1. Which cross-chain or sequence-distant (5 or more) residues have an amide H under 5 Å from the amide H of Tyr155, H modelled 1.01 Å from N in plane?
2. What are the residues whose amide H is under 5 Å from the amide H of Phe117, where those residues sit 5 or more places off or on another chain and H is modelled from the backbone?
3. How far, in nm, would the chain grow between Thr136 and Glu47 when pulled straight, counting 0.36 nm per residue and subtracting the alpha carbon separation?
4. Go through segment 39-47 residue by residue and turn each phi into a ³J(HN,Hα) via Karplus (6.51, -1.76, 1.60, θ = phi - 60°); whole Hz please, and just put x for glycine and proline.
5. At 7 Å along Cα-to-Cβ for each site, give me the label-to-label distance between Ala93 and Gln70 in nm.
6. Would you mind working out the magnitude of the charge dipole of segment 56-99 relative to its Cα centre, with +1 at each Lys and Arg C-beta and -1 at each Asp and Glu C-beta, to the nearest 20 Debye?
7. Compute the signed sum of charges (Lys and Arg +1, Asp and Glu -1) over the other residues within less than 15 Å, Cβ to Cβ, of Gly38.
8. For the pair Asp86 and Glu151, how long in nm is the line joining their label points, each one 7 Å along Cα→Cβ?
Amino acid sequence: MSNSRTNILNKIKQALVHKVPAPFSAASDNIAHFPVSGKELELEFAENFNGLKGRFSYCFNRAELVNQLQVLIEARQWKNVYCREDAIREMLAKNGLAISYTEDLAHCDVALTGCEFLVARTGSMLLSSAQQSGRTVSVYAPVHICLAYPEQLVYDVQDAVMQLREKYGSSFPSMVSLATGPSRTADIEKTLVVGVHGPKEVFCFLIDE
């Protein structure tokens, strides 16, 4: 064990002395590394999100969103709905969804959040600590429901990060994460298991106002 540790430390020392140049040093941040498919962003996101076992739903307006949420909540018999974002609570209440929210994230059935952006190419939701939901809501609840709008759709992660920089400037969030479908791991005997380190189900409702 001591020999292995010594070898590792020696390799680290050598790497610090003989620095390796960064790959693609001449590359520009503005170069698109993936060609745009030509599909509508809504369609591409939906296909990729569903392909990752996410559940995508398109809503023509907020009234339809409320109707779909009401049906889903009743069908699943969710009693403990968690939502920390005031704008979402207010919007749902104004459109007729009467929910008695729980303040106990640890024992909730489902959590509602917004997002910063939706990344069409990967079917990912980009979240940040600047949101009212903070760092934990989207990963702690057993079911995560994200509410988003078409103007939050971007093609690639690079586009999302660039717009995030423009949005926050010098107050860039301390944490930015990508949620790509339900949590999954293959650590145990290389067998894929869903919902071990995060939500078992992830829904995305895209609201077209």
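1. When sequence neighbours closer than 5 places are left aside, the close amide H contacts are Ala120.
2. The answer is Leu126.
3. Working: separation 89, 0.36 × 89 = 32.04 nm, distance 2.67 nm.
Result: 29.4 nm gained on full extension.
4. Residue by residue, segment 39-47 yields 6, 4, 4, 4, 5, 5, 4, 4, 4 Hz.
5. 1.8 nm
6. Numbers: 6 positive and 5 negative charges, 21 e Å.
In debye, rounded to 20, segment 56-99 gives about 100.
7. Numbers: positive: Lys39, Arg121; negative: Glu40, Glu42, Glu44, Glu47, Asp156.
Combined, the nearby Lys, Arg, Asp and Glu give -3.
8. For Asp86 paired with Glu151, the spin-label model returns 2.0 nm.
Every number here is computed from the coordinates shown, using simple stated rules; none is lab data. Quick caveat, the model's predicted, so the values are computed rather than measured. Note: ideal-geometry Cβ built from the backbone for every residue, glycine included; neighbour counts use all protein chains shown.
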